[in-house]
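As structure tokens, the structure follows; a few thoughts come after it.
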Amino acid sequence: MGRKVARLLVALWVAVLLAATVGCERREAKEISLKDTKRLGSRPLDQRGAPLRIAMGAMITPKEGFFYYEKMKRYIEGELGRPVQLIDRDNYGEVNQLLESGGADAAFICAGPYVEGRVRFGIELLAMPLVNGVPQYYSYIIVHKDSKMRALSDLRGKSFAFSDPGSNSGKIVPTYLLSLMNETPDTFFKKYIYTYSHDKSVRVVAEKLADGAAVDSLIFDYLARNDPEYTSQVKIIQKSLPHGIPPVVVRPNLPAETKQRLRKTFLHMHESPIGGAILAGMNIDKFVAGDDRNYDSIRQMQRLIDRQERKKR
């Protein structure tokens, strides 16, 4: 059986298995209704205006923390005096397409797609969350708690779970680490799959459906504190260097006034009792102004990966 066929069969098998259970899948909530929501904030909503569309490309919390984003939506509505619509999509690429086409005005996005979208269509950095005082996070390489493996190098010839093809922590970082060994996912792993959710990546390793995975430290740490059912069954064997945290971005042609008001809302959210409580529930200290240099390490990794791929052709 060829490597590509094997990966496809494993991916289908895991997808069917997990779809049949109650999982921690972010994609279950496709769109948050604007009806029957209690307004947070001080400004009356002008329901005649078009809603501000915010895409959910990457979340600081897993699915069970999604209600914090609903609260944040209502908080932003109150500050802007304008309806807000949350839009969820199946993968990071679809969110970038929405931002590029004008189908979304802003987004919580993964650091990898931000770097890619900045080059491709001029996506704009609006704000960055601080977690534990810094706008950074890590990629964790995890294995089952009973495994004797101690580093990514021990996973040679094993099965592995990536999150999304565009994910920094879930794909770019582990691919970069392999490139330092002059390897690629195709040459190093026996097989690999995409789970499209860091929650599921933890789960497939906990349930021994994959030998290892690369996961977002923010999601893993949140789960470990609040719902350790699966994190308690795995262990971290390697932690990456810090990288720029998943930011809030806007489409390049968003009106300047809307962009300024939205940025102000994020930057001052921690000063409000309501906004501060929402952020605390998400383990976010506060939002700060975006700094594109925070993502230079991701660009450096991607350049090395691209060079190696060109050599392999």
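The values are calculated or read from the model by the stated rules, or taken from the named source; none is laboratory data. As the structure is a prediction and not an experimental result, all values here were calculated from the model. Note that each Cβ is placed from the backbone with ideal geometry, even for glycine, and that neighbours are counted across all protein chains shown.
Table for the structure above
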read-out	value
Asp199 being out of contact with any Leu (no Cβ under 8 Å at 6 or more places or on another chain) and either more than 25 Å from Asn132 (Cβ to Cβ) or of a type in the set (Asp, Glu) (or both)	no
Filtered residue count, the range 70-109, keeping only those that are of a type in the set (Gly, Ala, Ser), over 16 Å from Thr265 (Cα atoms) and in contact (Cβ under 8 Å) with a residue 12 or more places away in the chain	4
Ala206 being over 21 Å from Leu241 (Cα atoms) and more than 17 Å from the chain's Cα centre (by Cα)	yes
Residues within the range 225-241 that are outside any loop (DSSP other than H, G, I, E, B) and at pLDDT 95 or above, tallied	9
Residue within the range 180-188 that is part of a helix (DSSP H, G or I) and of a type in the set (Val, Ile, Thr) present	yes
Given (1) part of a helix (DSSP H, G or I); (2) at pLDDT 95 or above; (3) surrounded by 24 or more Cβ atoms within 10 Å (Cβ to Cβ), number of the condition Leu218 does not satisfy	(2)
Test for Gly276: is it of a type in the set (Gly, Ala, Ser), within 18 Å of the chain's Cα centre (by Cα) and surrounded by fewer than 16 Cβ atoms within 10 Å (Cβ to Cβ)	no
Candidate set from the range 297-311 (those that are out of contact with any His (no Cβ under 9 Å at 6 or more places or on another chain) and touching a residue at least 40 places away in the same chain (Cβ under 8 Å)); member that is nearest to Gln260 (Cα to Cα)	Arg299
Matching residues in the range 279-295 - criterion: being part of a helix (DSSP H, G or I) and either modelled with pLDDT under 95 or surrounded by 12 or more Cβ atoms within 10 Å (Cβ to Cβ) (or both)	Leu279, Ala280, Gly281, Asp292, Asn294, Tyr295
In the range 115-137, the residues that are aromatic (Phe, Trp, Tyr) and surrounded by fewer than 21 Cβ atoms within 10 Å (Cβ to Cβ)	Phe121
Long-range neighbours under 6 Å by Cβ, at least six apart or interchain, first residue within 13 Å of Pro129 (Cα to Cα) within the range 265-282, second in a loop (DSSP other than H, G, I, E, B)	Met282/Ile60; Met282/Thr61
Selection status of Arg310, at pLDDT 95 or above and either in a helix (DSSP H, G or I) or of a type outside the set (Val, Ile, Thr) (or both)	no
Filter result for Asp164 (surrounded by 18 or more Cβ atoms within 10 Å (Cβ to Cβ), in contact with a helix residue (DSSP H, G or I) (Cβ under 7 Å, 6 or more places away or on another chain), not assigned by TED's automatic domain parsing to the domain that holds Arg120 and not in a helix (DSSP H, G or I))	yes
